[in-house]
Amino acid sequence: MTKIGILALQGAVREHAFSVETSGAEAVIVKRVEQLEDIDGLILPGGESTTMRRLIDRYDFLEPLKAFGQSGKPIFGTCAGLILLAKEIDGQDHAHLQLMDIKVARNAFGRQRDSFEADIHLNGIGEEFNAVFIRAPYILEVGNGVEILASYKDKIVAAQQDHYLTSAFHPELTDDHRLTEHFVKMVKDAKKELASS
Amino acid sequence: MSKTGTDRVKRGMAEMQKGGVIMDVVNAEQAKIAEEAGAVAVMALERVPSDIRAAGGVARMADPTITEEVMNAVSIPVMAKARIGHIVEARVLEAMGVDYIDESEVLTPADDIYHINKRDFTVPFVCGCRDLGEAVRRIGEGASMLRTKGEPGTGNIVEAVRHMRQVQSQIRQIVGLSLDELMVFAKENGAPYELLLQIKNEGRLPVVNFAAGGIATPSDAALMMQLGADGVFVGSGIFKSDNPQKFARAIVEATTHYEDYKLIGELSKNLGTAMKGIEMSTLTPADRMQDRSR
């Protein structure tokens, strides 16, 4: 069975695990570097990106996570996960994994009182997707090869670059599993491809 | 159409804090230490609970200057406390843009009967509880996050353990009740039936439940996680210890890896003295913050 890890240093892990299982893959809670060897794809969940980065550094996760992505295995980052994936973060000298060619702004929609939910259109995935934005970031710029999957009020809120998928909102907080299903399919396709190459 | 202040948005914010540590801070400098150590949020206060205890008198919402200073210092969410039932303190905090309000028994209650109707607010609230009835009453009033009360400012984990065990045990209990028994449970515990039914069917609370009130060491934090907490609040424990920086980091790591005993052992080495702590039997009824609200 296809195994999808959820990086469980901090954040909304259980919800992603449920969504992954509902979408037809096995969910694995990842707390140690060596667990990356046993999974076919990885989700970087929502939470606090500063907390996650601190724990990533503490447990020497940074290079193994980069290598995981560079080996061709898919990664899906939501909210804080989007910030971890970005090549550039507005107003900061240092970014994190830098796997996706995107520039992002943190807490760009405002503080918690400005957090909201809205129906958005996800290109190639579906209409009327209920997206939950919590102190959410958005994408300011994308490089060549990055496909914009969704915008909200002209701000880019979901994108895909080859085997990397990202959203500023939280698909795991609703019962609509279409985006997770899309990711599960990406992982299954990549697994086949990596097995045959 | 976009909607702010929905249950999903308010409860979801707390979901993002899971597995994390929320630290009490009284100024920008402490807030930065907390953020650097990996706190998922900070609670801006005028005094930490142990100092509130020592000072006596009436404890109120912090001077907004302190809260603003903390909000400007860090990028992680900032929480702040309002007195129980003090609608205006809560509105002031909401207007300032605080990310979460703690309607807290650590401050002197403004209303000894009613809690705030938290559904009226866009900003989410966290409230304390000692048992499932109290937890469900707060959810009924619109709390989007809970924390077991423990006994704040004591550095003594015993009350936090009691409350977390009680909540978890009562959840397991109602899962096994028939519907007629559930109605009597609702009556006896003063808890809304429909919410209890939802908890019975799902086997868990509909909101995140952190532990609070007495966590003073990395092992304390890990203990609360093992008992079923979604995360921990550490009040006086960090900045009343000898080495706050090291202490804060150790508590963050112990919360993430709460079943890695070798690691927790390592984290506990040479931390310096933890806060002194208070034995429960030495507290008078008036000293017990947990009993200030029901």
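The values are calculated or read from the model by the stated rules, or taken from the named source; none is laboratory data. All values reported here derive from a predicted model rather than from experimental measurement. Note: ideal-geometry Cβ built from the backbone for every residue, glycine included; neighbour counts use all protein chains shown. The protein model used for the area step is the full one, side chains on, heavy atoms only, and it has no ligands, DNA or RNA in it. Shrake-Rupley method; radii C 1.70, N 1.55, O 1.52, S 1.80 Å.
A few remarks follow.
- Solvent-accessible surface (1.4 angstrom probe) belonging to B:SER178, in square angstrom, nearest 10: 50
- Interchain or long-range residues, amide H under 5 Å from A:SER115's placed H: A:ARG135
- Options A:GLN92, A:SER23, A:GLY72, ranked by Cα towards positive dipole end of segment A:3-196, top entry (Cβ charges): A:GLN92
- Placed amide H near A:LEU42: partners under 5 Å, 5+ positions off or other chain: A:GLY5, A:ILE75, A:PHE76
- Percent carbon-and-sulfur accessible area, chain B, ignoring ligands, DNA and RNA, probe 1.4 Å: 49
- Rounded to the nearest 20 debye, the dipole magnitude of the protein assembly as shown is 620 debye, with +1 charges on Lys and Arg beta carbons, -1 on Asp and Glu beta carbons, and the Cα centre as origin.
- Subtracting the Cα-Cα distance of B:LYS32 and B:ALA286 from their residue separation scaled by 0.36 nm leaves 88.0 nm.
- Environment charge of B:SER169, counting only residues whose C-beta is closer than 12 Å and scoring Lys/Arg +1, Asp/Glu -1: +2
- Heavy-atom surface of segment B:7-267, accessible at 1.4 Å and reported per residue (Å²): 34
- Net charge over other residues, Cβ less than 13 angstrom from the Cβ of B:GLU266 (K, R count +1; D, E count -1): +3
- Karplus-derived 3J(HN,Hα) values for segment B:116-122, using 6.51 cos²θ - 1.76 cosθ + 1.60 with θ = phi - 60°, are 5, 6, 7, 5, 6, 9, 7 Hz; glycine and proline are entered as x.
- Only Lys, Arg, Asp and Glu carry charge here, each on its Cβ (+1 for the first two, -1 for the last two); on that basis chain B has a dipole of about 320 debye about its Cα centre.
- Dipole magnitude of segment B:1-151 about its Cα centre (Cβ charges: Lys, Arg +1; Asp, Glu -1), debye to nearest 20: 520
- Chymotrypsin sites (Phe, Trp or Tyr not before Pro) restricted to DSSP loop in segment B:54-130 with at most 14 other C-beta within 10 Å: B:TYR114
- Split chain B at each of the GluC sites (Glu not before Pro) in a DSSP loop with at most 13 other beta carbon atoms within 10 Å, and the longest piece is B:1-258.
- Local net charge near A:LEU62, Cβ-Cβ under 12 Å (Lys/Arg +1, Asp/Glu -1): +1
- Evaluating 6.51 cos²θ - 1.76 cosθ + 1.60 at θ = phi - 60° for every residue in segment B:61-78, the Karplus couplings come out as 3, 5, 3, x, 4, 5, 4, 5, 4, 5, 4, 6, 8, 10, 9, 6, x, 10 Hz, glycine and proline recorded as x.
- Using a cutoff of 8 angstrom between alpha carbon atoms and counting only pairs six or more residues apart, the relative contact order for chain A works out to 20 percent.
- Three-way shape label, the protein assembly as shown, alpha-carbon gyration tensor, a/c 1.5: prolate
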